[in-house]
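Report on one structure; see the data block that follows.
The values are calculated or read from the model by the stated rules, or taken from the named source; none is laboratory data. All of these numbers come straight from a predicted model, not from anything done at the bench. In this analysis, Cβ positions are derived from the backbone assuming ideal geometry, glycine residues included, and neighbour counts consider all displayed protein chains.
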Amino acid sequence: MLSSWPILSIVTFLPLIGVLFILLASGNNKSSEHNCKMLAIWVSSFTFIVSLILYFGFDTTMAGYQFEEQVEWIAGSGISYHLGVDGISMPFILLSTFLTPLSILASWHSIKNRVREFMIAFLVLETMMVGMFASLDMMMFYLFFEGVLIPMFLIIGIWGGPRRVYAAFKFFLYTLAGSVLMLVGIMVMYLQAGTTDIPVLSDFNFPPELQYWLFIGFFASFAVKVPMWPVHTWLPDAHVEAPTAGSMILAGVLLKMGGYGFIRFSLPMFPDASVYFAPFIFVLSVVAIIYTSLVALAQSDMKKLIAYSSVAHMGFVTIGIFTLNEQGITGAMFQMISHGLVSAALFFCVGIVYDRLHTREIDAYGGVADVMPNYAVFFMIMMLASVGLPGTSGFVGEILVLVGAYKASSLVAFFAATGLVLGAAYMLWLYRRVVFGRAEKGEVIRMPVLNNREIIILVPLTIFIVWFGIYPAPLLDVLNPVVALISEAVSNTQMATANLQ
């Protein structure tokens, strides 16, 4: 039944229907702005509901692509409109459609100018994110992959903080520069294989010498998107200047584009190069975990601290991916989904107190638990999930990554584990300074408790963070078949390389 419906096209382009209705909404008065908000929240919420069809209709025993749609795009060129999902892409589509309405709701009162344009930018961003994860053609993937930059550039540059233009251009230039080399790599692959179809390219045996160059081209793009050290410097600026909703979707989804790219392209298409460059990735990842954790300890701005913690957490992800074993790759995937939920929640928690005091300086707070006890509970859950407390989603991903890392290299596992200690240090330090103590500052004492809108956003995030921590099977069942297939293919490459040596 579902196979006869273009369900992926519907989920991908449904937000653009919302854009059309918003464009048709007349006037710039308060009533019109409210209508634009309502249209955006209803369309994005409906998109999430429709996307749930993918999960409930998904066969978790299959490693191949499902819900495929393919139409020739450019006649005789080998380039087609090709959509499909597997166990790697489907969780990211659900994450994108889940976080978008929550992010729009988070901006309900904080965005006061150009409301119509802000809602349009967010719905366009949702289409680009879903389209990127659903694409099974390299040219389509590249268009959506780069298309994400435009609405996020506008969200940061128009509705961001005092240094928003600088942060927006830095974000745009860093990510665009890395993607140019990936485009060259796509052209080379097309000339070699005569197609841009991702399933065909995944089975195509590129010469090992060519794989190394192709890996470097794709690495240049994905490393910036993750972001990996030392090309991470755009991220703290982007997060600090972005509005709360922008930070939520940037940390929740956009940072996962690089990790998704490594798993979707680098491992299956360039297995020899992935084996060869794995030690190099480990070094960069370990440096990222330790260095950015130490930098996070020195921050006085809450948003910047959480931004640096994101770099450290994504260091765990890249370690897990390039362990090239089933536990590590599964842990990396789980960690990306968990981090998407937790980081979005943490940035929203910062936005809640920022809307009340209009400062992110840690020293401006203290004793928040006295005046906002319900906020303190939600913030505590998010903080503990960030440090990987058992019973939260953060623990499952990190323990799987460490198991996979230990199988690959006990030394890498040891250095990665130091990140857990440092992560606990800076998050507990942040929580103690903001939440504990006595509320002595007048501005803090007068802060109102959480309102219904804020609770509506925090409750579903909390439910999924705890649910995946206690019962991770719904996500693991989706991941396991395709991860097993990828890790087996890379293992065969490792054995073949070892035999040649």
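Determine which single condition Ser409 fails, assuming it passes every other condition in (1) under 27 Å from Ser300 (Cα atoms); (2) modelled with pLDDT under 90; (3) not hydrophobic (A, V, I, L, M, F, W, C).
Of everything listed in (1) under 27 Å from Ser300 (Cα atoms); (2) modelled with pLDDT under 90; (3) not hydrophobic (A, V, I, L, M, F, W, C), Ser409 misses just condition (1).
Consider Phe46 carefully, then state whether it is farther than 30 Å from Leu485 by Cα, surrounded by 14 or more Cβ atoms within 10 Å (Cβ to Cβ) and of a type in the set (Phe, Trp, Tyr).
Yes.
Which ones in segment 432-461 are among the basic types (Lys, Arg) and either surrounded by fewer than 15 Cβ atoms within 10 Å (Cβ to Cβ) or closer than 30 Å to Phe98 by Cβ (or both)?
Across segment 432-461, the qualifying residues are Arg432, Arg438, Arg446, Arg453.
Can you tell me which of (1) over 26 Å from Val353 (Cα atoms); (2) in contact with a His (Cβ under 6 Å, 6 or more places away or on another chain) is the one Ser247 doesn't meet?
Condition not satisfied by Ser247: (1).
Search segment 418-430 for residues being surrounded by fewer than 15 Cβ atoms within 10 Å (Cβ to Cβ) and touching a residue at least 12 places away in the same chain (Cβ under 8 Å), and hand back the single one that is nearest to Ile319 (Cα to Cα).
Thr418
Within segment 203-211, identify whether any single residue is crowded, with 17+ Cβ neighbours inside 10 Å, more than 23 Å from the chain's Cα centre (by Cα) and within 23 Å of Met269 (Cβ to Cβ), and answer yes or no.
The answer is yes; a qualifying residue exists.
Each row is one residue, and each column tells you yes or no for (1) assigned to a helix (DSSP H, G or I); (2) touching a residue at least 40 places away in the same chain (Cβ under 8 Å); (3) touching a Ser or Thr at 6+ places or on another chain (Cβ under 6 Å); (4) closer than 24 Å to Ile120 by Cβ.
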site	(1), (2), (3), (4)
Phe153	yes, no, no, yes
Ala177	yes, yes, no, no
Val188	yes, no, no, no
Gln192	yes, no, no, no
Thr195	no, yes, no, no
Leu210	yes, no, no, no
Phe222	yes, yes, no, no
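Somewhere in segment 471-485, is a residue among the aliphatic types (A, V, I, L, M), buried (at least 21 other Cβ atoms within 10 Å of the Cβ), over 30 Å from Ala106 (Cβ atoms) and at pLDDT below 95?
yes
Being touching a residue at least 24 places away in the same chain (Cβ under 8 Å) and not in a helix (DSSP H, G or I) is true for just one of Arg433, Arg438. Which residue is that?
Arg438
So Glu117 ticks every box in (1) among the acidic types (Asp, Glu); (2) in contact with a Ser or Thr (Cβ under 8 Å, 6 or more places away or on another chain); (3) closer than 20 Å to Ile17 by Cα but one. Which box is left unticked?
The number of the failed condition is (2).
Taking Pro460 and the conditions (1) within 30 Å of His358 (Cβ to Cβ); (2) modelled with pLDDT under 90, which numbered condition does it fall short on, given that it satisfies the others?
So Pro460 meets the others, but not (2).
State which residue is surrounded by the most Cβ atoms within 10 Å (Cβ to Cβ) when the search covers only segment 357-406 and only residues that are in contact with a Cys (Cβ under 8 Å, 6 or more places away or on another chain) and aromatic (Phe, Trp, Tyr).
Checked segment 357-406; the qualifying residue surrounded by the most Cβ atoms within 10 Å (Cβ to Cβ) is Phe379.
So for segment 141-159 (the condition being at positive phi and not polar (S, T, N, Q)), does at least one residue qualify?
No - not one qualifying residue is present in segment 141-159.
Find the residue count for segment 370-397, including only residues that are assigned to a helix (DSSP H, G or I), hydrophobic (A, V, I, L, M, F, W, C) and closer than 28 Å to Ala439 by Cα.
Number of matching residues: 11.
Given the conditions (1) part of a helix (DSSP H, G or I); (2) touching a Lys or Arg at 6+ places or on another chain (Cβ under 7 Å), and given that Leu95 satisfies all but one, which numbered condition is not satisfied?
Unmet for Leu95, out of (1) part of a helix (DSSP H, G or I); (2) touching a Lys or Arg at 6+ places or on another chain (Cβ under 7 Å): (2).
Among Val200, Val240, Val224, which is touching a helix residue (DSSP H, G or I) at 6+ places or on another chain (Cβ under 8 Å), over 23 Å from Met132 (Cβ atoms) and of a type in the set (Val, Ile, Thr)?
Val240
To keep it simple, each residue is scored yes or no on (1) without any contact (Cβ under 8 Å) to a residue 12 or more places away in the chain; (2) closer than 22 Å to Ala193 by Cα; (3) assigned to a helix (DSSP H, G or I); (4) out of contact with any Gly (no Cβ under 7 Å at 6 or more places or on another chain).
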site	(1), (2), (3), (4)
Leu99	no, no, yes, no
Leu105	no, no, yes, yes
His109	no, no, no, yes
Glu146	no, no, yes, yes
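Taking only pairs six or more apart or across chains, which ones have beta-carbon atoms under 9 Å, a first residue in segment 47-70 that is farther than 17 Å from Leu83 by Cα, and a second residue that is among the hydrophobic types (A, V, I, L, M, F, W, C) and surrounded by fewer than 14 Cβ atoms within 10 Å (Cβ to Cβ)?
none
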